[in-house]
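Novice: Mind looking over this structure? Questions follow.
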Amino acid sequence: MVDGLNMPPDLDDLHTPANGLVVFGGSLRLFGREGGDLPSLADWNDEHGWRAEYKSLAAGLTFIAEDAFGNQFAWDGIAVLSFTAETANRMPIAKTAREWSEIVRDDQDRWLDRWLVEQWTAMNGPLAPSHHLVPRFPFSFGCAREVGQLVAVERHKDMLFKGSVAWQTKDVPPGGKVRFDFTD
């Protein structure tokens, strides 16, 4: 238990350093109990931070890790799941943190788009832990998964934007039209 957060019972079995861990060529970031280059678990899960843009779409989740694109891995009290940042879609992956880590480790291209992170890194150098890779327009709107479509953006700004997109499109059927209202 971290500052009242509901955590996977076996999360400590992953031996994540207190200040978090970046692995798989920068493709996966695991949040630790203390801040450092990555925010602490408590800070990342603050209801008044980026999560506020997702409103009820992030309810009941404790975010334990993320990929380089800002897609989150979260605990819902039953399973570790994938939380797609642009849409807030949830997909259960595993019943335990250990099982989740093995699944992600064994198929990094599926869960982390590691191949795309490696291409971007080869052209631009390592991605700072404080940044996400972001497509020029959302992948969920059809942006190609190509290195030329990516830019680095500060992680909190990225999550605020994606939370706004997810909230505004939550009831739009596939192929439906959207009109965004962004305020600063």
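Laboratory data are not the source of any read-out in this text; all were calculated from the coordinates shown. Being a predicted model, the structure only gives us computed values, none of them experimental. Positions of Cβ are backbone-derived with ideal geometry, glycine not excepted, and every protein chain shown enters the neighbour counts.
Novice: Any aspartates and glutamates with Cα under 20 Å of the Lys95 Cα? List them, leaving off those in the same chain fewer than 8 positions away.
Specialist: Cross-link targets: Asp10, Asp12, Asp13, Glu66, Asp67, Asp76, Asp106, Asp107.
Novice: Spelling out what I want: for every residue of the range 131-137, take phi, set θ = phi - 60°, compute 6.51 cos²θ - 1.76 cosθ + 1.60 (Karplus), and round to whole Hz; glycine and proline get x.
Specialist: Result, ordered by residue: 10, 10, 8, 10, x, 4, 9 Hz.
Novice: Now for a separate question. Anyone know which of Val117, Val134, Val23 comes out most mobile in the 10 Å Cα GNM of the chain?
Specialist: For the chain, modelled as a Gaussian network with Cα springs under 10 Å, the answer is Val23.
Novice: For the range 123-163, what relative contact order do you get, as a whole percent, if you take Cα pairs closer than 8 Å and at least 6 residues apart?
Specialist: Relative CO of the range 123-163 lands at 42 percent.
Novice: Follow-up question, since we're still on this one. Using a Cα-Cα cut-off of under 15 Å, which aspartates and glutamates could be cross-linked to Lys170, ignoring same-chain neighbours fewer than 8 residues away?
Specialist: Glu53, Glu86, Asp181
Novice: Separate question: With a bin width of 10 angstrom, please list the P(r) values of the range 11-169 as percents of all Cα-Cα pairs, from the 0 bin to the one holding the largest distance.
Specialist: The distribution over the range 11-169 is 11, 43, 39, 7, given as percents.
Novice: Could you grab the relative contact order for the range 71-184? Cα pairs under 8 Å, six or more apart, rounded to a whole percent. If you can, show how the numbers build up before the last one.
Specialist: On the way: 118 pairs, mean separation 24.1, N = 114.
Result for the range 71-184 is 21 percent.
Novice: Let me ask another. Helix-only estimate, please: 222 nm mean residue ellipticity of the chain, summing -39500 (n - 2.57) across DSSP H runs of length 4 or more and dividing by its residues, to the nearest 500.
Specialist: It lands at -7000 deg cm²/dmol.
Novice: Between Gln149 and Met91, what is the FRET efficiency for a Förster distance of 25 Å, r being their Cβ-Cβ separation, to the nearest 0.05?
Specialist: 0.60
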